[in-house]
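Here's the structure, in structure tokens; my notes come after.
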Amino acid sequence: MAGSARERARPALPRVPALAVFDYFLVGYRRTWRAGVFSSFLLPVLTVLGFGLGVGAYIDQGVGGVRYLDWLVPGLIASTALQVTVGDSTWPVFSNFRWIKTYFAQSAAPLRVADILAGHLAFVMFRVLTSIAAFLLVTGLFGALRSPWAVVTLPVVALLGLAVAAPTFAYTASVSSDSWLAMLFRFAVIPMTLFAGVFFPVESLPDALRWLAYVTPLWHAVDLCRAATLGVAPQWSVAGHLLYLVAWSLAGWLLALRAFRRKLIV
């Protein structure tokens, strides 16, 4: 009787078990969100002032007839989403495997590996959306959003976040030292940010570098965000951009699921 009473008192998993994992990370974030709010608003303000108004003052004709600040903001939206995604998909994931071992505790509960992975990915998407919502608010106050379609950037950056987070989860789960995570920023995130059309058109790059920019998921998100905030058509088709990001997401999910299973299933 006592055992059955304990079973009845134990909270049941939600119908979607990944939500329990998402709620775990959300509970932890409730204790630390205040530290991130200041940077979420400070970063776009400093970026707009430094690059948009500072550098933009020397670009009289703008880019393609568009004021440089207005042209720059959508690229910064996508690159900020990229940096938030990679930041939340590297050391926190590595820590959950190697240091605090949260994933192992979760796998001991009635949770599948897919539930653990999906729940943490959902939290990363939440972080991306809240950060970009703050970015849109600040840049909107500066008058840098020329179209009401700017709200479409939120689902775009969410898809970009998934397209980047899933393979980054796979990479982080596979490395043996956190030194490899710093290398990811140095050799992938920084070059991608510099050459994927955030600060200048990729058409100004040599052909080889231009095609490397097209391969990155960031360029596809930048083009979609720029089309939304400026109210113009993207350089590529919308369907082509979305399908490419979905392909990155699916491939990353399969790789991450495989890497997580290797770590968590003995």
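Quick note: the coordinates plus some simple rules give every number you see, no bench work behind them. These numbers were taken from a predicted model, which means no experiment stands behind them. FYI the Cβ positions are ideal-geometry reconstructions off the backbone, even for glycines, and counts take in every protein chain you see.
Positive end of the dipole of the chain (Cβ unit charges, origin at the Cα centre): among 179, 46, 26, the Cα lying farthest that way belongs to 26. Label separation (residue 261 vs residue 203): 4.6 nm, computed from points 7 Å beyond Cα along the C-beta direction.
Could you tell me which of rounded, prolate or oblate describes segment 194-253, using a ≥ b ≥ c as the square roots of the eigenvalues of the alpha-carbon gyration tensor, with rounded for a/c under 1.5 and, failing that, prolate when a/b is larger than b/c and oblate otherwise? Write down the numbers at each step before the final one.
Values: a/c = 2.03, a/b = 1.15, b/c = 1.77.
Oblate.
Along the axis of the charge dipole computed for the chain (Cβ charges of +1 for Lys and Arg, -1 for Asp and Glu, origin at the Cα centre), the listed residues 114, 205, 149 are led at the positive end by 114.
The packing ranking of peptides 135-143, 71-79, 256-264, highest mean first, is 71-79, 256-264, 135-143, where packing means the average number of other beta carbon atoms within 10 angstrom of each residue. Charging the Cβ of each Asp and Glu at -1 and of each Lys and Arg at +1, and nothing else, the dipole of segment 115-266 about its Cα centre rounds to 300 debye. Distance from the C-alpha centroid of segment 93-115 to that of segment 135-209: 27 Å, rounded to the whole angstrom. For residue 66, no residue whose modelled amide H falls within less than 5 Å of its own remains once neighbours fewer than 5 places apart on the same chain are excluded. Let me know the shape class of segment 153-213, please: from the alpha-carbon gyration tensor, a ≥ b ≥ c as square roots of the eigenvalues, rounded when a/c is under 1.5, otherwise prolate if a/b is greater than b/c, or oblate. Note, shape of segment 153-213 comes out oblate.
The value of relative contact order for the chain, using C-alpha pairs under 8 Å at least six residues apart, is 26 percent.
For the chain, what does -39500 (n - 2.57) per DSSP helix run (n ≥ 4), summed and divided by total residues, give at 222 nm, in deg cm²/dmol to the nearest 500? Don't skip to the end; give the middle numbers.
Working: 13 runs with 185 residues, N = 266.
One gets -22500 deg cm²/dmol as the mean residue ellipticity at 222 nm.
Using the Cα gyration tensor of the chain, with a ≥ b ≥ c the square roots of its eigenvalues, what is the shape: rounded (a/c below 1.5), prolate (a/b larger than b/c) or oblate (neither)? Numbers along the way, then the final one.
On the way: a/c = 2.28, a/b = 1.85, b/c = 1.23.
It is prolate, given that a/c is not under 1.5 and a/b is the larger ratio.
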